[in-house]
Every structure is written in C-alpha cells, then in structure tokens.
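Some notes on the structure that comes next.
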Amino acid sequence: MPRLPYLTDDEAGPPDLVEAIRRRRGGRLLELDRMLLYSAPLASGWNEMLGRIRSQLALPGRLREIAMCAVATMNGARFEFVHHAPLLLQEGGTEAEVELLRNVDAAADATDVFDRSGLAAIRLARAMTRDVTVSQAVFDEARAALGDERRLVELVAVIAAYNMVSRFLVAFEIEPDGH
C-alpha cells in the first residue's frame, strides 16, 4: 500500500491536466500520476518534462531505457523497472539485457551482452546514482561511446530525471498494479 491513498478519477484534477497526462500515458492514469496529482503544478511540470525526455531526445531509446532500468534497480524502484523493462525490449533491447539490469554491477561488466554505448550508459548511471560524482574515466567513456555532446547531455539528464522519479516512487511506496 502506498503511504498516501491514490486519488480516484473523481478526485484527480484539473480535467485538462488529467487529460494531458492520460494522452501521454495512452489513455490511463498510472499509480504514479494519481500520487503526483495531489499537486497540480507538480503533476503538470512532471508530465511536461518527462514527456519530453521520453519522446523528444536525440538519445537512442534503447540507451534511455537501459539507463532508466539501471537507476530503478539501484534505487529499489520496482514500479520503474516493471514499466521500463518492456520499453527496453520495444527499443531493441534483449531479454538478456533486461535480466542483467537486475544486477547493475554484473551488467556493467557484461561485455558479451551490452555494446559499448550500453555499457557506458550503465556505468554512468551507476556513478551518478551511487556516487553522484562521476569520474573522468566514466565521463570520457560515455562521451566517446555516444559520439556527440548532445547525446551525452541528454543521457546525463535522463539519469538525473529518473533518479528523481525512483526516489519519489520509493518514498511513497508506490508499487506497480498487479505486480
């Protein structure tokens, strides 16, 4: 059970914001949305920022989802992992990658499963999530693997944003429906 009750459809509002969130989510509100909607300004900003991160970046979707799954695992955010593992598969990831991302340290060394950019994303996510400070070696590896500064900036932002998401989920004990 979450630490606060999820808002019902009747309680969630304002209607235009709820509709915008539903559009981004494919027609429904997730448990996360029902918690965020306690604060309309927060839910609005969250929806806008995360919507852009999910759909408007140059960063390849596979790398975005690898980073999100790695962050979810390290922060113990089951909701996040359950929602992003299938998206990783849709973006070209493999079942082996999903399974390895349940243990980020093993994934970070899995040169037989992840390509250079995937390994760099995992290692950058691990440094940013666990240590906050990123070593020059990890930074340089990510920069070289991504090939341009825009993708590097976007990967760092994805990792930072999904640390925010996972910490919100964990603090409120939000678990995925039916899992």
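The values are calculated or read from the model by the stated rules, or taken from the named source; none is laboratory data. Please read all numbers here as calculations on a predicted model, not as lab measurements. Every residue, glycine as well, gets a Cβ built from its backbone with ideal geometry; the counts of neighbours run over all protein chains shown. The accessibility values were calculated without ligands, DNA or RNA, using every heavy atom of the protein model including side chains. Shrake-Rupley method; radii C 1.70, N 1.55, O 1.52, S 1.80 Å.
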Residue within region 66-86 that is open to solvent by less than 20 Å² (accessible area, probe 1.4 Å), aliphatic (A, V, I, L, M) and more than 18 Å from Ser166 (Cβ to Cβ) present: no
Looking only at region 27-51, count every residue that is more than 19 Å from Ala171 (Cα to Cα), open to solvent by 60 Å² or more (accessible area, probe 1.4 Å) and not in a helix (DSSP H, G or I) and tell me the total. 1
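If you go through region 3-17, how many residues are closer than 19 Å to Leu169 by Cα and surrounded by 10 or more Cβ atoms within 10 Å (Cβ to Cβ)? Let's see the steps before the verdict.
Here is the first cut: in region 3-17, the ones closer than 19 Å to Leu169 by Cα are 3-8, 12.
Next cut, surrounded by 10 or more Cβ atoms within 10 Å (Cβ to Cβ) only: 4-7, 12.
The qualifying residues number 5.
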Residues that are open to solvent by 40 Å² or more (accessible area, probe 1.4 Å) and within 19 Å of Thr73 (Cβ to Cβ): list the helices (runs of 4 or more DSSP H) wholly contained in region 90-179 that include at least 3 such residues. 95-100, 149-171
Does at least one position in region 19-26 carry a residue that is open to solvent by less than 10 Å² (accessible area, probe 1.4 Å) and farther than 30 Å from Leu119 by Cβ? yes
